[in-house]
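Beneath this line is the structure, given in structure tokens, with notes to follow.
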Ligand code: I3S
């Protein structure tokens, strides 16, 4: 299911291009399929859009902003990993529903910023 969060300007934390693959759905392992993805961190959600550059000119319109999928960050866990990919700069995101994603960037500083920002949003969402 695709959530459509409200894109209130003050809720937008971060947006950018990362490499992404989903590795599990509801705890069941999936075959990896790395793709560039526009990642938007807004409110409680991480929202994924198809990389406009990977689309054909006819399929990409400026107003076409339908998310591919989105992730509820409440109760999610992020963790750096060296074991799940041969790529560098990979971290795993696991949701409470058992969906798992790997996110990666060739740029060290960029992936560290994403990890830290998502981590702090998750911490903020924890109800004591
Ligand atoms: O964990 P794996 O199976 O080594 O992941 C690699 C595969 O998904 C591979 O595709 P094939 O299933 O068609 O062989 C991808 O091209 C690789 O990128 C995956 O490994 P890395 O280490 O890049 O995550």
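Coordinate-derived values only; no laboratory data. Please read these numbers as outputs of a predicted model, since none were measured by experiment. Ideal geometry is used to build each Cβ from the backbone, glycine not excepted, and the neighbour counts take in all protein chains shown.
Within 10 Å, count the other beta carbons around each residue, average over each peptide in 92-104, 111-123, and list them highest first.
Details: 92-104: 18.0, 111-123: 16.2.
With the highest mean Cβ count within 10 Å placed first, the list reads 92-104, 111-123.
Between residue 126 and residue 82, 0.36 nm times their residue separation minus their Cα-Cα distance comes to what?
Values: separation 44, 0.36 × 44 = 15.84 nm, distance 2.68 nm.
So the chain would gain 13.2 nm between residue 126 and residue 82.
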